[in-house]
Amino acid sequence: MRVRIFGIAYSWGPTPARGSGSPRAGRRAARLRWRAAAALMKGLIQLAFGIGVLVYAWQVFTAGVAPMSGVMVLAASAALAANLACMLLLMRHRHDDINMRSAWLCSRNDLIGNVGVLLAAGGVYLTASHWPDVLVGVLIAAVFLKTAAGVLRDSVYALRHGEERVVRWG
């Protein structure tokens, strides 16, 4: 959980520092590099979380023990409220630039993860099995990994070519 909080803090840290508009190409290029580098870091964080969720799902699978559904519901409900607020704040800026798109996708993925954990908790409660947690974990990991691939691809492109691709990830 501490790693997740650090990841959120790091990925939000560079987001507001987009700079003001400037007619000079050198400044525009520097701002693009900054935004692309921030998006690259968010992509790496998404990749790490996707791999982490896969590792967790594997551990639950091999242990064969169902997690405590009540704890899952409490944690996911609190996180859902916070992530929904973040996502709504970012909604109107999700197409502004590569950095804001990646920040919005991080929040969207967190929201998907929270809903997935709630569904898994319900499945664990109803079946007294670890399988719902494993299956939802794999699906959440797939969402994180797909987003990471898009964010990483486009941020590396922007860093190499000095221009953004207009893409709709997700």
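The values are calculated or read from the model by the stated rules, or taken from the named source; none is laboratory data. All of these numbers come straight from a predicted model, not from anything done at the bench. Positions of Cβ are backbone-derived with ideal geometry, glycine not excepted, and every protein chain shown enters the neighbour counts. The area values use the complete protein model at the heavy-atom level, side chains included, leaving out ligands, DNA and RNA. Shrake-Rupley method; radii C 1.70, N 1.55, O 1.52, S 1.80 Å.
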Candidates L80, L145, L89, L111, filtered to the one that is in a helix (DSSP H, G or I) and open to solvent by 70 Å² or more (accessible area, probe 1.4 Å): L89
Those residues of the range 114-126 which are open to solvent by less than 30 Å² (accessible area, probe 1.4 Å) and free of Cβ contacts under 8 Å to residues at least 40 places away in the same chain, in sequence order: N114, G116, G123
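A quick yes/no check of all residues on (1) under 22 Å from V156 (Cα atoms); (2) open to solvent by 50 Å² or more (accessible area, probe 1.4 Å); (3) modelled with pLDDT under 90:
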{"residue": "F6", "(1), (2), (3)": "no, yes, yes"}
{"residue": "R18", "(1), (2), (3)": "yes, yes, yes"}
{"residue": "L54", "(1), (2), (3)": "no, yes, no"}
{"residue": "G64", "(1), (2), (3)": "no, no, yes"}
{"residue": "P67", "(1), (2), (3)": "no, no, yes"}
Residue match in the range 116-133 (condition: in a helix (DSSP H, G or I) and either of a type in the set (K, R) or at pLDDT below 90 (or both)): no
Lone qualifier among I140, I98 - being crowded, with 18+ Cβ neighbours inside 10 Å, more than 25 Å from Y56 (Cβ to Cβ), touching a residue at least 40 places away in the same chain (Cβ under 8 Å) and out of contact with any strand residue (DSSP E or B) (no Cβ under 8 Å at 6 or more places or on another chain): I98
Filtered residues of the range 92-108 (kept if assigned to a helix (DSSP H, G or I) and either touching a helix residue (DSSP H, G or I) at 6+ places or on another chain (Cβ under 9 Å) or closer than 11 Å to E164 by Cβ (or both)): H93, I98, N99, M100, R101, S102, A103, W104, L105, C106, S107, R108
